[in-house]
Amino acid sequence: MAAPVHLILILEDHPVVSMVVEDACKDLVTDVNIQVVNSVKLAREFTLQNPSVLIADLNLLDSKGADTLQWIQGAFSSTPTLIYTGDADPALRLQAEQGNALWLSKNARQSELFECIEQLLQRSGVLAKGHQDAFSAHNEHHSDIVAYPGAKPLTWRQVEIMTLTAQGMSAKQVAQNMGLSPETVRGHIREIFRRLEAANKAQAVSVFLKAQSRVRKKSGEPRSPSDAIG
């Protein structure tokens, strides 16, 4: 008998934001049913389906702020929830956290969104411990690619993105190659720039290739032809 497919409900009226959130969920788990709705009216259709996870903005097409939060807390009281919003009202944040929801500002870095969704999926049981260990081994901070000793390393996904970028691919081409949205790739690239302390793409590629060369030398691996670049 097949295991039940988990339902992830994304309540967001901005198409780019919903796409980024959806891509982050897909990066973490497979075999899930992800539904995106942009209003409370449409979200009502899912109240009896017991979503495994809810990721919601508070300002929607038909509901704003406190009204949205109050409705969410009533309709999805037992659903692990992340409030991902541009609303900065501290009273709303307190109310959400008292209801055991996670809260993240839309001004947060994409890496923070990723970590928050990961925590939410763990809390709900959608992301099992075994899957989390496997994910961490391949996607979290386990690469040795750093701008300098002590700097925050690139994730394996960021290494993959930079490898393709160093080959001359655009963000759109990288996205197509990796099965991600261009906006998700651009978000990763912005984070890569921060971690490599690069001001632009050319500088990021140069720092990345030099860091990659240092790792190869340390491990005794043969140099790649691309190591000579930059």
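Here, each number is a calculation from the coordinates, and none is a lab measurement. Just so it is clear, the structure is predicted and the values come from calculations on it, not from any experiment. Positions of Cβ are backbone-derived with ideal geometry, glycine not excepted, and every protein chain shown enters the neighbour counts.
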Förster radius 41 Å - calculated FRET efficiency between residue 44 and residue 190 (Cβ-Cβ, nearest 0.05): 0.70
Filter the chain for me: DSSP H helices, axial length by Cα at least 18 angstrom, mean Kyte-Doolittle hydropathy not below 1.6. List them by residue number. none
With a bin width of 5 angstrom, please list the P(r) values of the chain as percents of all Cα-Cα pairs, from the 0 bin to the one holding the largest distance. 1, 6, 13, 16, 17, 14, 11, 9, 6, 4, 2, 1, 0
Springs between alpha-carbon pairs under 10 angstrom, Gaussian network model over the chain: which of 210, 218, 152 fluctuates most? 218
Determine the distance separating the Cα centre of the stretch 1-70 from the Cα centre of the stretch 155-180; give it in Å without decimals. 27 Å
